[in-house]
Structures are given as C-alpha cells and as structure tokens.
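Engineer: Just dropping this structure here.
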Amino acid sequence: MTVPAGERRHSMFPIPAGDRGWRRRERELGDRVAFLHGEVRDALGIEPLRGTVLTSSASWTEVVSDLAQLCVDRLRAMAGHADETGLRTCLLLLDLHELAFDLGRHERDRRTRRLAACSEGLARMRVLPHSTDLLDHACEELVRRCGFGRAVLSRVDDGVWRPWMAYFSNGDEFESWFTGWVDQPIRLEGRTPETRLLTECRPVAVYDTANAVVHRSIIVDSGRSDSYVVAPLMHGTSVVGFLHADHHPASRRVDDFDRDVLWAFAEGFSHLYERIVLAERLRTQRDQAREILSSAVESVSDFCDASIDFSPHAAVGAMPRTPVAPHPFATGHPGGELTARESEVLELMVAGATNGAIAETLVISEDTVKSHVKHILRKLGAANRSQAIARSLGIAVHGDGV
C-alpha cells in the first residue's frame, strides 16, 4: 500500500497556522541575503558569488560570511585611506554582521522547532487506532512537520529492502518514478549506507551521492537525489524497515541535524508501531476469548434446559433421545457418575471425534482428554471406546450379560 503525495486529501493532522508566519520570516531573510549580495557586488565591483540563487537558508550563512570577508579584505587593502567606497563598505559590513546574527538565531529556532514538531507528530500518531493508519501517516509527518521534501518507508527482510510507501512535497513526482519501485526487491550488499544499517543500527547521512557508494538505480537515476539521510526502523534488536528522507526538489543538501531529526522520528515511530501492534494482538486475543466464553455459556444454557434425568439410579439407555448427543451423568456402574467435563468428552466420543478434535473443541490439552477417556472407560466398565459409546447409547455389548 502506498500513499501518493499528489493526493491533496484532508490530513488527519492539519498544519498549524503558525507555519505560514515561519515561512514568511524565512522569505524575508532570503530577500535580505539577495539584497546585500547585490549591494556588495555593486560597491566592490565584483562578479556574483557562487550559490547566488538560493532556495534554502542552509547556505545563506556561508554566503553572508563570504561577503563579509570580501568587505574586510577590501577595507584592509585601503590601508586607512577611506573614501566613499570605504564608508559604504563599512556600512555593508555592519549590515552583514546583523544579518548573520539574525540567520544564526533563525537557524537555532528552526532546529528547535523541527525537533518539537517531530515530538508533536509522534504524540499525535499515538491516538491512531490501527497499525495501518500509523504506516499511512509516517512519511507525511516527516515531510509536512519535520522539514523534509521527500520521505520513503521501506520494509526489510532476508537481506532485501523493498520501497513501500512515500510522501513527496511535489505530488507529480510520485507517479513519475516511485510507483515503479514499490515492493521491488533491492539486495542489501556491499558498503552502501543501507547495508551498514543492518549491523550498526544507526542513521547515516550521505552528503554527496556523486562521491558515495549508494544504490544508484533508485536513489540517483530514478530519485535524482544528491544527498539524503536514512534511519533504521527497529523491532527489538532487528532492523525491519528503513526511513529515507531528503530535501528534493530544493537544492539544499542534508546535514547532521537532518540525520538527528530523522533518527528521533524513526526511534519514536518504532516504539509506537510495536505498541500498537501489541495492542491489536491483545484485542484479537480478547475477542477470541470472549467468543469462546460466549460459546461456553450457550452450551451450559442448552445443557441446563435439556430434559435429562440426573437421578443416580437412572439407566443410561433410558435417557431421552434427541438429535443432539445426550449428556450422560449417571453410569449405572459401581465406578461412579461421570463429571460434567467427562460427559462432554463422552458426547464428542459418541459423535466420532478424535482425541485431538475433542481437545480443540473443549480448549483443553490432548493429555487431559486421554485422562478423561480413561476415567470414562473405568466408570462405564468398558474395555475400550467402542464399548463406552455403545453403553452410553443403551446398546447391549457382548460380555455385558444382557
């Protein structure tokens, strides 16, 4: 089962309105970076720096630092002979330092916000009633709350990982390549990050796929990822799945903090999944026990309503004939009366049930059934099952003296 990112279905967990203000603040910082870059370029008469076109705040701090260094180098070159250009450069340097401070504070707040969003997302998923719901929302939470552009959930078994579910910020991309990889086996071998996860059980950040050993067919050729993070999903001490994430279609590359965010989410998700699967199993066992008890109550009610003579002097053959097998208690033999459970066993013997079938029907062990059969034979004075069945039905058996 997959969850197409292109489906703009109503999310169970709407994005808070505060996120819009956060994005607006980031756009304002980006505009300031672009403006000061142009001012420095004009004041110093230089060509645009590499990375002028920015789509994320990840590299803004580096750009501002490079611009500030250019301004410092120009002021040093003036050797104290300040002119209008020197004054303008000083003012730009002050603006750059102020912007660097704002960018640092924004990055700190962004990291705090992402970790908080990760924790809140896991807390929200605790209320989901079924494991399938949890799986359906995992990738969506990573993209919509934790600051990634794409997320993929995969299953792992027998040295193979299989892409399973995904959520992409660009919905059209899902159909363009991911559907062809769903449930396709990918061997875990070599020194790829995914193979290392099986033994290290820790997340890995791949900063540049062009210079790393990766599964190129899916990650680079199909997914066009230039960097990504991957974390294991654990069940006890075994790796049962992977979570992959990156910032595509943005040009931003992953960093160590992206790895830490994904790791926090993967650990929490693993615990949640184990918890909800255990709860589902307990509910199933509860329902099965309830069904067994309900069936037992009905059987007891039917037994109590049956017209059976419980007198110790009543002959077994005198018991009323009904379509349902009788419930013999009085044996008419010095061995004594049958208990309620022995009567149930005898009824099933009359019906032709084997010891195994009797054990399954009465929810007891087969050894217990054998013990009941021995007691029944002794109480009925029968040498074998056939004689016991015949006597319970009131049929004369050779050697009975009838």
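Engineer: Which members of the range 169-225 meet the condition of being of a type in the set (K, R) and either touching a residue at least 40 places away in the same chain (Cβ under 8 Å) or farther than 18 Å from A266 by Cβ (or both)?
Structural biologist: Hits for the range 169-225 are R187, R191, R202, R216, R224.
Engineer: While we're on this one: Given the conditions (1) of a type in the set (S, T, N, Q); (2) touching a strand residue (DSSP E or B) at 6+ places or on another chain (Cβ under 8 Å); (3) outside the structural domain of A231 (by TED's automatic domain parsing), and given that T112 satisfies all but one, which numbered condition is not satisfied?
Structural biologist: That leaves (2) as the condition not met.
Engineer: Run A383 past the list (1) assigned to a loop (DSSP other than H, G, I, E, B); (2) surrounded by fewer than 12 Cβ atoms within 10 Å (Cβ to Cβ); (3) at pLDDT below 85; (4) aliphatic (A, V, I, L, M) and report the number of the one that doesn't hold.
Structural biologist: Of (1) assigned to a loop (DSSP other than H, G, I, E, B); (2) surrounded by fewer than 12 Cβ atoms within 10 Å (Cβ to Cβ); (3) at pLDDT below 85; (4) aliphatic (A, V, I, L, M), only one is false for A383: (3).
Engineer: Determine whether F257 is surrounded by fewer than 20 Cβ atoms within 10 Å (Cβ to Cβ), within 30 Å of R113 (Cβ to Cβ), aromatic (F, W, Y) and in the same structural domain as P163 (by TED's automatic domain parsing).
Structural biologist: Spelling it out, F257 is indeed surrounded by fewer than 20 Cβ atoms within 10 Å (Cβ to Cβ), within 30 Å of R113 (Cβ to Cβ), aromatic (F, W, Y) and in the same structural domain as P163 (by TED's automatic domain parsing).
Engineer: Quick one: would you say L197 is among the aliphatic types (A, V, I, L, M) and over 17 Å from the mean Cα position of the chain (by Cα)?
Structural biologist: Judged against the criteria, L197 is a match.
Engineer: Counting only residues that are under 14 Å from I218 (Cα atoms) and touching a strand residue (DSSP E or B) at 6+ places or on another chain (Cβ under 6 Å), which one in the range 166-181 is surrounded by the most Cβ atoms within 10 Å (Cβ to Cβ)?
Structural biologist: The qualifying residue surrounded by the most Cβ atoms within 10 Å (Cβ to Cβ) is A166.
Engineer: Still on this structure: Would you confirm, using the coordinates I've provided, whether V229 is under 14 Å from A151 (Cβ atoms) and touching a helix residue (DSSP H, G or I) at 6+ places or on another chain (Cβ under 6 Å)?
Structural biologist: Yes; evaluated as a whole, the condition is true for this residue.
Engineer: Which one of L293, L377 is at pLDDT 85 or above, surrounded by 12 or more Cβ atoms within 10 Å (Cβ to Cβ) and either among the small types (G, A, S) or part of a helix (DSSP H, G or I) (or both)?
Structural biologist: One residue alone meets the criteria, L377.
Engineer: Here is a check on your reading of the model: is E189 charged (D, E, K, R), out of contact with any strand residue (DSSP E or B) (no Cβ under 9 Å at 6 or more places or on another chain), more than 24 Å from S169 (Cα to Cα) and assigned by TED's automatic domain parsing to the domain that holds S169?
Structural biologist: Yes; evaluated as a whole, the condition is true for this residue.
The values are calculated or read from the model by the stated rules, or taken from the named source; none is laboratory data. If you're wondering where the values come from, they're calculated on a predicted model, not measured in any experiment. Because the Cβ atoms are built from the backbone with ideal geometry, glycine has one as well, and the counts that use them run over all protein chains shown.
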